[in-house]
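Novice: One structure is given below, represented as structure tokens, and several questions about it will come after.
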Amino acid sequence: MRIRSAQPYDLAKLLAFREEAAAWLSDLGTDQWQRPYPADKLLATIEAGSVFMVLDGDITAATITLTTEAEEGLWTEEELREPSLFINKLTVARTHAGQNLGGRLLDWAGDRAYRAGAKWLRLDAWTTNTALQSYYVHQGFEHIRTVRKGVAVNGGPRVSGWLAQRATRPTEHRFTDDTQRPES
């Protein structure tokens, strides 16, 4: 499998990919991702070079957004002074579930963050999705706190405020990395 930067022509594919994930999450009984994601916001993150896709041949197997931008109101000023990269929208296709693809992608992100000089790989997860929270803890993330107050960037109520982090480190993720690799 290979990982590459998403391109603007991937927008429709990534929106459909997210809809598939939202339907699966709904079947599990969670309200996570039930509001459609704005295409213009996704396009902006693609154009910023923050969205990455894992391909198994021509099939999109997973996607992740990795950025230096933290969602407003989640992390303290002191935490934001520490060099960090933030994970968003990690999604694995149902056809590739159960293969530790998400874990490998987290390792890839941690390796990339390490090479970029970041100390922490951070994320915020859905506050009511305890299975997802357990998954991240199993992947070596430490729960920092849960932020329930405030308004999310999209103007809705805060729903993704379970904060976690793990130290960055070089890893063997076993992807063919077709991205431009950052060096500190």
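The values are calculated or read from the model by the stated rules, or taken from the named source; none is laboratory data. Predicted, not measured: the structure shown is a model, and the values here were computed from it. Methodologically, a virtual Cβ is constructed for each residue, glycine included, from the backbone with ideal geometry; neighbour enumeration extends over all protein chains shown.
Novice: State yes or no: is Thr128 polar (S, T, N, Q), surrounded by fewer than 18 Cβ atoms within 10 Å (Cβ to Cβ) and in a helix (DSSP H, G or I)?
Specialist: No.
Novice: Quick check on the stretch 99-119. Is at least one of its residues part of a helix (DSSP H, G or I), free of Cβ contacts under 8 Å to residues at least 12 places away in the same chain and farther than 23 Å from Lys41 by Cβ? Give the derivation first.
Specialist: Here is the first cut: in the stretch 99-119, the ones part of a helix (DSSP H, G or I) are 101-115.
This time we only want the ones that are free of Cβ contacts under 8 Å to residues at least 12 places away in the same chain, so: none.
No: zero hits.
Novice: Sort out which residues of the stretch 58-76 are within 15 Å of Ala6 (Cβ to Cβ), loosely packed, with under 13 Cβ neighbours inside 10 Å and either of a type in the set (D, E, K, R) or touching a residue at least 60 places away in the same chain (Cβ under 8 Å) (or both), and write them in order of number.
Specialist: Asp58
Novice: Additional query: Could you grab me the full set of residues in the stretch 131-150 that are among the β-branched types (Val, Ile, Thr) and either without any contact (Cβ under 8 Å) to a residue 40 or more places away in the chain or in a strand (DSSP E or B) (or both)?
Specialist: Matches in the stretch 131-150: Val137, Ile144, Thr146.
Novice: Check whether at least one residue in the stretch 1-15 is modelled with pLDDT under 75 and in a helix (DSSP H, G or I), and report yes or no.
Specialist: Scanning the stretch 1-15, I find no residue that is modelled with pLDDT under 75 and in a helix (DSSP H, G or I), so the answer is no.
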